[in-house]
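Please read the structure below before turning to the comments.
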Amino acid sequence: SVKHLVIPSIISMWKFKSADDSGGNPLLESLNGNIGRQVWVHDADAGSEKDRENVERLREHFTRNRHRQKHSGDELLRYQNKDTRRVGPFPVDVSGLDGSAQGRAGPSAATTDAAMRNAISFYETMQEDDGHWPGDYGGPMFLMPGMLIALYCTGTMDAVLSPAHRSEMRRYLCNHQNEDGGYGLHIEGNSTMFGTVLSYVSLRLLGMDADHDVCASARAWIHARGGAHAISSWGKFWLAVLGVYEWCGMNPMPPEMWLLPYSAWTGIGWLHPGRFWCHCRMVYLPMSYIYGIRGTCKPTALTACLRKELYPCPYESIDWDAARNLVAKEDLYYPHPAIQDVLWWTLSKAEPFLLGSWLRKKALAETLVLIHYEDENTRYVDIGPVNKVLNMMCCWFEDPESEAFKRHLPRLHDYLWVAEDGMKMQGYNGSQLWDTSFAVQAIASSGLAHEFVDCLKKAGEYVDNTQVIEEAQAPLSRYYRHISKGAWPFSTRDHGWPISDCTSEGLKAAMALKELESVVGWKPLPLDRLNDCLDVILSYQNGDGGFATYENMRSFGFLELINPSETFGDIVVDYNYVECTSACVTAMTAFAKNYPGHRTREIQRAISKAIKYVKSIQKPDGSWYGNWAVCFTYATWFGLKGLSAVGETCKNSSHARKACEFLVSKQEADGGWGESYLSCQDKVYSHLPGGESHVVNTAWAMLGLLAADYHGVDRAVLDRAAVFLIKAQSAEGDWPQQQISGVFNRNCMISYTNYRYYFPLWALGEYRSKLLS
């Protein structure tokens, strides 16, 4: 019922601020004036009484429908920008369009142009003055609890979170409780012990009474499945830090692993954590420090209560050694191989001898060096929200009065996002560069760039200002870092971690703007910076021709045998991906088109190897598996785009024909495509329930088919898809927020709210160019 969600809340306004310096906070460091920084600020005096009523209506609407539509639509951000529209909305004549009839002609050029003009004029209102498009990048339910535990343990909850912050966090947790009382790994997932226990703890830390209906139903879910000691390993860690789980119930995370030799010739060097995927190693690095010192919250009345509430048996009676490998079936996506059980047992027997030893002290000192390096070289943003709060805790355990710890606090706000469902913690400090790069390419494809010059010019400025133009602190090898200079990050320059596909999409956006130079007046990036970018892209290629994410593949897939997470898959090594490989191929071909004759042999050699890799991982049914979005539809677009970059289409490539046949076989009756997130975790294509189509999936399928020139085989498939997109568009020019679109590590979904704006636009732009020009 809605009734049990009526909780004390502060009815007032939140304001989104971009490039915010937190009131000139001297502890906030930036390389470029905080360009791209996203912060939500509570303003008790903002807005009229009518504004507040309207905002409350948006919140109430979400709450009433929360079990049908679990994904928020960024309604607070949209409401803030509602009066900033420069032109439009424009009428779009949809009369006569009937996407349900096979063979019916698609939309006219005039109708398609009107739909795109309406879309861009709406999306323009969401753009910030620094040029980027902000948006919700939430979804996972285990991120905010880590921050709340860290703030509680360090005694800084009141300093960082106002009553208004806490109210919105409670709203979020109440809105995303499943009907069975539990919480999922992510907002659309079935209930898990990991999600439920951490959400329960969060509600209690935020001041909710244990007898509240929300807490009571969550606690009942936990007790019915044996208690919180059946949580997966990351959850065990956070509970131990809070002091409501015993460290002896943890499988060991010895910091001594950082003292292993790194060199491959030693053999054991292949196991060094410096060879792990960066997100994996940057989480287990601070975890190992905290484990190594048994960093634990000072006991409080609340932690004493939680020891009673989380378990259906007396806390003192729990067999903690048995609990080390006890994991609820709902959490167990990646079960331990037998070799892990042997390894953890052996290390658990060695741990009493290591604790407090000279070797432990040496290992702890090494981990702190690496932790401080990460903090300083990301301006205390850190690579992601998990290691962000872990690093912050390490700094506090080292010295609660240190400047390093204090510098962490203002950067927490970079990760917090407010929407109509409440306040959440995002999976990064935003997706600013990623979204802006795609938006530029989508608008450029529309043929309407001359009508939106200022919009594109501002976006170009963001692309310019976000490129990494100086290397991280040397020597890179000492800190296990890849080269960065010339790359683009996922979000902001202050974040700075380089990624292969973000670098490639940033370069493609720069090339699209260069091709529009006479229209937009954007000054192209200097060739030396483009050369730096090419250096980074080429450096990412692995021996088999594929491209991974942040770095090269530094070890072997067999290391996944020691993946201790239980909840996530394929996290230990940085693997090759079709999305990253295709993005690098298309970036290099875009560069070669604009700078013919420049580094031609290098580029051609890299592309040739990459295309062989892309073909080698295509599935027998013609699809590619998607690692970073949902799922086969997304990856197959990338696969086809990569093939088309070297001239392989349905006309001359069996790989392209097979991929197109796969996509066409999944088209729904209304002309669209609708793929469920279940495809990601099950690795088998799953339709959305009831044959529902999704505008983002539809756009990806269209972009793939158009890249492969499938309209030369059966134009009706594309016509029907275009009709679906135009009919799904609102009168304002945007598209609906539907099911979640992003994923990471196979099993955890994440939000990309901007996808619904620019991908349908991009698909219509390519359709207009190829079929209606």
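The values are calculated or read from the model by the stated rules, or taken from the named source; none is laboratory data. Source: prediction; values computed, not measured. Virtual Cβ from ideal backbone geometry, glycine too; neighbours counted across all protein chains shown. Areas reflect the complete protein model, heavy atoms only, side chains present, ligands, DNA and RNA absent. Shrake-Rupley method; radii C 1.70, N 1.55, O 1.52, S 1.80 Å.
Can you compute the modelled spin-label distance between residue 474 and residue 535, with each label point 7 Å from Cα toward Cβ, in nm?
Placing both labels 7 Å along Cα→Cβ, they lie 1.1 nm apart.
So who's got an amide H within less than 5 Å of the one on residue 629, skipping anything under 5 residues away but keeping other chains? H placed 1.01 Å off N, in plane.
Under 5 Å from the amide H of residue 629: 743.
Can you compute the charge dipole magnitude of the stretch 99-215 about its Cα centre, using +1 on each Lys and Arg Cβ and -1 on each Asp and Glu Cβ, nothing else charged? Give it in debye, rounded to the nearest 20.
That gives the stretch 99-215 a dipole magnitude of about 200 debye.
On the full set of protein chains, 1.4 Å probe, figure out the accessible area of residue 257 and give it in Å² to the nearest 10.
40
Along the Cα-to-C-beta direction of residue 29, a point sits 7 Å from the Cα; which residues of the stretch 408-431 have their amide N less than 16 Å from that point?
Those under the cut-off are 408-412.
Could you state the number of Å between the C-alpha centres of the stretch 401-454 and the stretch 193-241?
One Cα centre to the other: 30 Å.
Going by accessible area, probe 1.4 Å, with all protein chains left in place, what is the ranking of 353, 759, 556, 397, largest first?
Result of the area sort, largest leading: 353, 556, 397, 759.
Tell me, what is the FRET efficiency for residue 304 and residue 180 to the nearest 0.05, using R0 = 25 angstrom and their Cβ-Cβ distance as r?
Efficiency, from the Cβ-Cβ distance: 0.35.
Give me the distance in nm between label points sitting 7 Å out from Cα along the Cα-to-Cβ direction at residue 403 and residue 453, one decimal.
Calculated label separation equals 4.7 nm.
Note down the net charge around residue 385, summing +1 for each Lys or Arg and -1 for each Asp or Glu among other residues with Cβ under 11 Å from its Cβ.
Surrounding charge for residue 385 is +1.
Apply the Karplus curve 6.51 cos²θ - 1.76 cosθ + 1.60, θ = phi - 60°, to the phi angles in the stretch 127-142 and return the couplings in whole Hz, x for Gly and Pro.
The phi angles translate into 7, 8, 4, 7, x, 8, 10, x, x, 5, 10, x, x, x, 9, 9 Hz.
Where does the charge balance sit around residue 274 when Lys and Arg score +1, Asp and Glu -1, over other residues with C-beta under 9 Å from its C-beta?
+3
Hey, can you find the accessible area per residue of the chain for me, probe 1.4 Å, expressed in square angstrom?
For the chain, the per-residue accessible area is 34 Å².
How big is the dipole moment of the chain about its Cα centre under a simple scheme where the beta carbon of each Lys and Arg is +1, that of each Asp and Glu is -1, and everything else is neutral? Debye, nearest 20, please.
I would put it at about 1160 debye.
If amide H atoms are built 1.01 Å from N in the plane of the peptide, which residues on other chains or at least 5 residues away come under 5 Å of the amide H of residue 499?
Correct list: 488.
Leaving ligands, DNA and RNA out of it, rank 358, 320 by accessible area with a 1.4 Å probe, largest first.
358, 320
What shape does the stretch 414-540 have by the C-alpha gyration tensor, where a ≥ b ≥ c are the square roots of the eigenvalues, rounded means a/c under 1.5, and otherwise prolate means a/b greater than b/c and oblate the rest?
Cα axes put the stretch 414-540 in the oblate bin.
Using θ = phi - 60° and the Karplus form 6.51 cos²θ - 1.76 cosθ + 1.60, what ³J(HN,Hα) does each residue of the stretch 413-429 get, whole Hz, x for Gly and Pro?
In residue order, the calculated couplings are 5, 5, 9, 9, 10, 10, 9, 5, 8, x, 9, 10, 9, 7, x, 6, 7 Hz.
Quick one: net charge of residue 258's neighbours, Cβ under 11 Å, K/R +1, D/E -1?
Cβ neighbours under 11 Å give a net charge of 0.
Amide H neighbours of residue 47 under 5 Å, counting only residues 5+ apart in sequence or on other chains, H built in-plane at 1.01 Å?
Residues meeting the criterion, in which the H sits 1.01 Å from N, do not exist here.
Could you state how much accessible area residue 450 has, in square angstrom rounded to the nearest 10, with a 1.4 Å probe and all protein chains kept in place?
Ignoring ligands and nucleic acids, residue 450 comes out at about 110 Å².
Which GluC sites (Glu not before Pro) does the stretch 307-405 hold that lie in a coil by DSSP with at most 10 other beta carbons within 10 Å?
Answer in residue order: 401.
Pop the C-beta distance of residue 376 and residue 270 into the FRET formula with R0 = 30 Å and round what comes out to the nearest 0.05.
After rounding to 0.05, the efficiency reads 0.55.
Would you mind checking 485/593; 70/619; 609/651 for any pair whose Cα atoms are more than 28 angstrom apart?
70/619
In the stretch 501-618, with Lys and Arg counted as +1 and Asp and Glu as -1 at Cβ, which of these residues, 616, 521, 598, has the Cα nearest the positive end of the dipole, that is, farthest along it?
Farthest towards the positive end: 598.
Summing -39500 (n - 2.57) over the DSSP H runs of n ≥ 4 in the chain and dividing by its residue number, what mean residue ellipticity at 222 nm do you reach, to the nearest 500 deg cm²/dmol?
That calculation yields -14500 deg cm²/dmol at 222 nm.
Whole-Hz Karplus ³J(HN,Hα) for the stretch 474-483, in order, using 6.51 cos²θ - 1.76 cosθ + 1.60 and θ = phi - 60°, x for Gly and Pro?
7, x, 4, 5, 4, 10, 6, 9, 7, 5
At 1.4 Å probe size, with no ligands or nucleic acids counted, give the accessible surface of residue 744 in Å², nearest ten.
Residue 744 has an accessible surface of roughly 40 Å² with all protein chains in place.
Of the peptides 660-667, 85-92, how do they stack up when ordered by the mean number of other Cβ atoms within 10 Å, highest first?
Most protected by this proxy first, the peptides run 660-667, 85-92.
For the chain, take the longest principal axis of its alpha carbons; what is the angle in degrees between that and the long axis of helix 654-665, to the nearest 10 within 0 to 90?
80
How many nm is it between the label spots at residue 556 and residue 49, if each spot is 7 Å from the Cα in line with the beta carbon?
Computed distance between label sites residue 556 and residue 49 equals 7.3 nm.
So if we plug the beta-carbon distance of residue 220 and residue 248 into 1/(1 + (r/R0)^6) with R0 = 35 Å, what FRET efficiency do we get, rounded to 0.05?
Computed FRET efficiency for residue 220 and residue 248: 0.80.
Within the accessible area of the chain, what % is carbon and sulfur when the probe is 1.4 Å and the other protein chains stay in place?
Ligands and nucleic acids excluded, carbon and sulfur reach 54 percent.
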